[in-house]
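This report refers to the structure that appears directly beneath it.
The values are calculated or read from the model by the stated rules, or taken from the named source; none is laboratory data. Keep in mind that what you see is a predicted model, and the values were worked out from it rather than measured. Reconstructed Cβ throughout: ideal geometry from the backbone, glycine too, with neighbour counts over all protein chains shown. Just so you know, the surface numbers come from the protein's heavy atoms only, side chains and all, with ligands and any DNA or RNA stripped out. Shrake-Rupley method; radii C 1.70, N 1.55, O 1.52, S 1.80 Å.
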Amino acid sequence: MKEKIDFMEIAISEAQKGLKIDEVPIGACIVKNGKVIAKGYNKREKSKNAIKHAEIIAIEKACKRLHDWRLNDCEMYVTLKPCPMCAGAIVNARIKVCHYGADETNAQDNLCEKIFSSTRLNHKTELIKEEKYSQECADMLTTFFKQKRF
């Protein structure tokens, strides 16, 4: 019997790649029909580019792989709830579901949820928190920032 792939573990593995090069440890993967089609981790510092978030990198790779900007029937797994920029990109790419690990501790305005459900946009993305990985994802980020401050 084939073992089920845990896609959030793949996103965590991507975040760890970023951590190794001193990037904020956020990772993402995009899945279609049960297969990973793209992965990414933060590369803002390395690239000196403000938009090189894990989600954006994964979306770019998925679009290239599928030869389409529409990522219909795809799901994203990301270690941190998306920022407004990434939430907009996820909706515009028509990603069906976004699974995330940790909550953004500084964001109490539900902006991600507002973007995902906005009536202004013609696509809605479902947002699901993966409680099983919430603490692990949060701890990775907390440890990174504590080490940066000391």
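State whether one or more residues within the range 122-132 are in contact (Cβ under 8 Å) with a residue 60 or more places away in the chain and within 26 Å of Gln16 (Cα to Cα). The answer is yes; a qualifying residue exists. None of Val78, Val36 is within 12 Å of the chain's Cα centre (by Cα) and not basic (Lys, Arg) except Val78. In this structure, Glu55 does satisfy being within 24 Å of Tyr133 (Cα to Cα) and buried (at least 21 other Cβ atoms within 10 Å of the Cβ).
Condition test on Ala87, is it free of Cβ contacts under 8 Å to residues at least 60 places away in the same chain and over 14 Å from Ala11 (Cβ atoms)?
Answer is yes for this residue.
Report, by residue number, each residue of the range 87-117 that is in contact with a strand residue (DSSP E or B) (Cβ under 7 Å, 6 or more places away or on another chain) and either open to solvent by less than 40 Å² (accessible area, probe 1.4 Å) or not basic (Lys, Arg) (or both). Hits for the range 87-117 are Ile90, Ile95, Val97, Cys98, His99, Tyr100, Gly101, Ala102, Glu104, Cys112, Glu113, Phe116.
For Ala11, the conditions (1) surrounded by fewer than 21 Cβ atoms within 10 Å (Cβ to Cβ); (2) touching a Cys at 6+ places or on another chain (Cβ under 8 Å); (3) of a type in the set (A, V, I, L, M, F, W, C) are fulfilled apart from (1). Does the range 118-125 contain any residue that is crowded, with 18+ Cβ neighbours inside 10 Å and of a type in the set (Ser, Thr, Tyr)? The answer is yes; a qualifying residue exists. Scanning the range 62-71 for residues that are surrounded by fewer than 22 Cβ atoms within 10 Å (Cβ to Cβ) and either closer than 18 Å to Ala138 by Cα or out of contact with any Leu (no Cβ under 9 Å at 6 or more places or on another chain) (or both) yields Lys64, Arg65, Leu66, His67, Asp68, Trp69, Arg70. Of all the numbered requirements in (1) buried (at least 22 other Cβ atoms within 10 Å of the Cβ); (2) assigned to a helix (DSSP H, G or I); (3) hydroxyl-bearing (Ser, Thr, Tyr), Ser134 misses one, and that requirement is (1).
Answer yes or no as to whether Lys35 is over 22 Å from Gln147 (Cα atoms), free of Cβ contacts under 8 Å to residues at least 12 places away in the same chain and open to solvent by 20 Å² or more (accessible area, probe 1.4 Å). Working first, answer last.
Working: over 22 Å from Gln147 (Cα atoms): yes; free of Cβ contacts under 8 Å to residues at least 12 places away in the same chain: yes; open to solvent by 20 Å² or more (accessible area, probe 1.4 Å): yes.
Yes; evaluated as a whole, the condition is true for this residue.
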